[in-house]
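See structure below.
The values are calculated or read from the model by the stated rules, or taken from the named source; none is laboratory data. Only a predicted model underlies this, so the values are computations on that prediction, with no experimental measurement involved. For neighbour counting, all protein chains shown are included, and Cβ atoms are generated from backbone atoms with ideal geometry for every residue, glycine included. To get the accessible areas, we keep the full protein, side chains included, count just its heavy atoms, and leave off ligands, DNA and RNA. Shrake-Rupley method; radii C 1.70, N 1.55, O 1.52, S 1.80 Å.
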Amino acid sequence: MGQSTKANVPPPVPELIQEPPTVPDLLLGMARRVPWWAVLLFLLIFWVGIDMLNDQNDRDILDWLADRPEVNTDELYDVVYEVKTEVLLVSETVRVRGLDDTSVTVPIQQVVSQEDGVINCPEDATEGCLSQRGVVVTYQDFENANRESPNGTVETKGLRTGVVGPLVRVTLADGVQTVVAPNDILSEEEGVLACDAIAMPDCEALSGQIVTFNRPYSLRQGIRVRADARIRHLEDGYEITIRPNRILSRREGTLECPPNATPDCVPTPVTYVVYPEKIIGTELRGDDDKEVQIRTVEQQTVPISRSRIINMEVGTVTCDRSEDPRCQDYEGTIVAVRGETFSGRLSTESASQYDIILEGDAEATEFERRDIKEEIRNPDGCTATDAIACEVTITMNDSTVAGRIIADNDSGITIETVPEKIVTLRKSDIYSITARTYKTCALNNPRGCNAGIWLTIIVTLSAFSLALLIGLLMGLFRVSSNPIFYHLSTFYVELVRGVPLLVILLYFAFVVSPQMRDATGVVGNITHPIYDTLTKIEVQVLGNESFLAEAVIGLAVGYGAFLAEVFRAGIQSVSRGQTEAARSLGMSYFQSMRHVILPQAIRTVLPPLGNDFIAMLKDSSLIAILALPELLQQGRLYSTRTFQAIPAYNAVAIFYIVMTLSLSLMVRAVERRSRLP
C-alpha cells in the first residue's frame, strides 16, 4: 500500500522564470496607454495658436472675437442721458401754413389763439382750394395789415429814421423797419430805445427821436406746421432750437448786466425754462456716488514727424464743431505738413477712392483720390481685381494741422486737434436714460464683456440652466402614473425633437415674441409683463433690445426635450425596489423622488448631461441668424469687413475646439468620479 501511495504523488511543477521586459516592450506599452488623439489635437491647437499669435492680423482677429478685453478701464457705458437743464428762453415761434400753401413764421407774442379746428375755403376761393384740418392758429399780421380797417392796434416804440412820402419810417427794437401814418403817432421825443439784447446779445441801443405809435394789425388764420423755441445756455451762450413741448417748467427772472457792460445797461426781464438736455458720450468710473462723469468729446491727436513739418505759426484755431458744437475758437499752433506716404495691398478701388490694407493692419483703410498727390503700383498698372496682389504706395497732398502742441521731442510733435471734454452731472438731475450700452470689456468691468466668446458662454449657461429645469420636469412627468402629465410631456418631447433647432429659434423670435408683445385683453395682461421683463434683461446684458431672450428660450425649449429623455432614462435605471422600499417607509411620491430616486439617477445622467452641454455650446452658433454678436456672428462680421474669411473662421474654430475639448476633459473626470464601484 505504501508503494501505491507513493506512485500517486504528482511530479513537482517546474518553477516558471519570468524574464524582465525589454526596453522595446516597455516603450510599446507606454505608447499604447498614451491618448494619441489628445496629443495630436493638442499639437494642432498649439501649432495653429502659435502661428496666429505671431501674426498681427490674426492677433487682431482673436482680440475682436474676445471683445477686445483689457485689464482695467475707466470707460463703463456708452450713454444717452436726458438731464434737467435751466436755460434762457430767447424766442418762441409758430410756423403757419395758409390755404394757399404759403408758410409764415409768427412770434408767439403775435399768436392770439391755437385750437383744433378746420379752415374752410372762402366763397371766392380759386378752383382747387381745399379746406384744411389741424391746429388752427389765429395771429396778428402787422406786415400785411389793412390800415383802413384793421382788427386792432398795438402801442409800439421805434426810432424815427426818415420819411417815405407822407409816411414816417421807423426802426423797431428788433431791427425791423416799418412806416407809420402821422395820425397813428401818439408821441415823439428824444431818448434811447433799448434793443432786444436777448435775441441779439451784441446789439446796441438806438438813440435819437423815439416815436410812440399805434401799430395796426389784421387777424389771419392758418394751420400750425410746427412750433419752435430758441434757447440759450447760460454758461457758454450756446443756442439750439427745441420743441416747446419739451419744456418742463418756466419761471420769470431778470438777466443781470455782465461785468464789462456799458453804464447805460439795465437788467432785462427774461424767461428761464428747464428742458431735458441730451448728454451723449461715455460714462467714466468715478468715486462720487452722487455724481456721474460723462466724456462727451474724445481727445483727437495727430503725431507729426520733424521731416514732414514745413513751417509752424501761432494763430486762431477754428474748433471742429462737428465734434463739439459748443466749442470755442482758441489761440493755438498752425502747422503746414508734407503729405504722408502709405504702402499696402490694394483691396478695392473706384473712381473716387481707394481701399488699401496697410502693412501691419487687418482692415482696409479708405483714401479719397482727391487727397492723393502721387501713387506707385507694383506691378506697374495693376488693379485690385488682378489675380496677384497689387501693392500700392501713395503720397498724400500737403495739408495743415491746427491745434495745441501737447508733446514736443526730437522725433516730432503731437498736435491735439480736438480736446477731451468731460461733463459732471448730478444723478438727481438725470431726467431719463435713453440708452446705456456697456462700453469696454475689462476685469474691472465684466459687464462690458457681452460679445464674441463671452456672449456664447452667457447664452450657453443660461439656456442650459433653463433646459435642465424643463428637462427634469418633463422627465418626471414621463415616468408619472398621471395620464395627463404623461401624455402632455410625451407630446412635448416628440414634437420638439421632430423640429430642427434653427426653426425653433426663428419661431420664438418672429412668431412667439411678436404675439406676446401685441396680444390684447386677458392674454395681453399676462404676456405684456413677461415680455417687458425679458426686454429689460436684454437691455441689462447687451445694452439694447435684441433677440437675446428669444434665443435663450429657444435653445432651452429645444434641448429640454432631449434632457427630458435623459432624466427619464436615469430615473428608470434605478430599480423599482428602491421606490417600493421608500414608499414602505412612509415616504410620499415626491419625498421618495427627492431623497431616494433622484440622487441615484443624477449619478447616472451626469455624463450624458455633460455631452448635451457640449452640444448646446456648439449649437449656440445658430443664434447668429438672429444677429446676436456671439462668436460665429463676430467672426462673420470681421470676415465681411476685412475680406479675410480663412483666418477669421479659423479663429472661430479654434475657440470652439478649445472650449469643447476643455469641457470634454471635465466630463471625463466627472464620469470617472461618479462611476459606481
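A few comments on the model shown:
- Residues that are assigned to a loop (DSSP other than H, G, I, E, B) and farther than 16 Å from residue 417 by Cβ, drawn from region 273-314: 285, 286, 287, 288, 289, 290
- Checking each residue of region 636-651 against the condition of being in contact with a strand residue (DSSP E or B) (Cβ under 6 Å, 6 or more places away or on another chain), under 27 Å from residue 538 (Cβ atoms) and either of a type in the set (Asp, Glu) or part of a helix (DSSP H, G or I) (or both) gives no match.
- Taking the criterion of being assigned to a loop (DSSP other than H, G, I, E, B) and at negative phi, the residues of region 64-100 that qualify are 66, 69, 71, 72, 73, 74, 98, 99, 100.
- Residue in region 325-335 that is open to solvent by 90 Å² or more (accessible area, probe 1.4 Å) and polar (S, T, N, Q) present: yes
- Residue count, region 350-386 (criterion: of a type in the set (D, E, K, R), over 28 Å from residue 417 (Cβ atoms) and in contact with an Asp or Glu (Cβ under 8 Å, 6 or more places away or on another chain)): 1
- For region 278-329, a residue qualifies if it is of a type in the set (Ser, Thr, Tyr) and closer than 27 Å to residue 243 by Cα, and the qualifying residues are 282, 296, 322.
- Leading residue by the ranking (modelled with the highest pLDDT) among those in region 567-623 that are surrounded by 15 or more Cβ atoms within 10 Å (Cβ to Cβ) and outside any helix (DSSP H, G or I): 587
- Only one of the numbered conditions (1) part of a loop (DSSP other than H, G, I, E, B); (2) surrounded by 18 or more Cβ atoms within 10 Å (Cβ to Cβ) is violated by residue 121, and that is (2).
- Restricting region 55-72 to residues that are touching a residue at least 24 places away in the same chain (Cβ under 8 Å) and in contact with a Leu (Cβ under 9 Å, 6 or more places away or on another chain), the residue that is farthest from residue 642 (Cα to Cα): 72
- Elements of type strands (runs of 3 or more DSSP E) in region 391-445, at least 2 residues being within 30 Å of residue 82 (Cβ to Cβ): 412-418, 421-426, 430-438
- Any hit, region 196-205, residues being touching a Phe, Trp or Tyr at 6+ places or on another chain (Cβ under 7 Å), touching a residue at least 12 places away in the same chain (Cβ under 8 Å), open to solvent by less than 40 Å² (accessible area, probe 1.4 Å) and of a type in the set (Val, Ile, Thr): no
- Per the conditions (1) within 30 Å of residue 118 (Cβ to Cβ); (2) of a type in the set (Val, Ile, Thr); (3) not in a strand (DSSP E or B), the sole criterion not satisfied by residue 198 is (1).
- Restricting attention to region 147-174 and to residues that are modelled with pLDDT of 85 or more and assigned to a loop (DSSP other than H, G, I, E, B), the residue that is surrounded by the most Cβ atoms within 10 Å (Cβ to Cβ) turns out to be 150.
- Members of region 290-304 that are closer than 19 Å to residue 447 by Cα and either open to solvent by 20 Å² or more (accessible area, probe 1.4 Å) or polar (S, T, N, Q) (or both): 293
- Looking only at region 294-326, residues that are in contact with a Lys or Arg (Cβ under 8 Å, 6 or more places away or on another chain), closer than 30 Å to residue 433 by Cα and polar (S, T, N, Q) come to 1 in all.
- Inspection of region 508-527 finds a residue satisfying the criterion of being modelled with pLDDT under 90 and of a type in the set (Asp, Glu).
- Restricting attention to region 52-88 and to residues that are among the aliphatic types (A, V, I, L, M) and open to solvent by 60 Å² or more (accessible area, probe 1.4 Å), the residue that is farthest from residue 252 (Cα to Cα) turns out to be 53.
- Entry remark, region 473-499: residues being surrounded by fewer than 20 Cβ atoms within 10 Å (Cβ to Cβ) and either charged (D, E, K, R) or in a helix (DSSP H, G or I) (or both) number 14 in total.
- Here residue 467 meets each of (1) out of contact with any helix residue (DSSP H, G or I) (no Cβ under 7 Å at 6 or more places or on another chain); (2) open to solvent by less than 40 Å² (accessible area, probe 1.4 Å); (3) within 30 Å of residue 579 (Cβ to Cβ) with one exception, condition (1).
- Filtering region 500-547 to residues that are buried (at least 17 other Cβ atoms within 10 Å of the Cβ) and at positive phi leaves only 543.
- Residue count for region 315-354, restricted to those that are free of Cβ contacts under 8 Å to residues at least 24 places away in the same chain, within 30 Å of residue 384 (Cα to Cα) and in a strand (DSSP E or B): 1
- Among (1) at pLDDT 80 or above; (2) surrounded by 12 or more Cβ atoms within 10 Å (Cβ to Cβ) - the single one residue 49 does not satisfy: (1)
- Each residue in region 625-648 was checked for being closer than 19 Å to residue 68 by Cβ, open to solvent by 20 Å² or more (accessible area, probe 1.4 Å) and either in contact with a Ser or Thr (Cβ under 7 Å, 6 or more places away or on another chain) or free of Cβ contacts under 8 Å to residues at least 60 places away in the same chain (or both), and 4 of them qualify.
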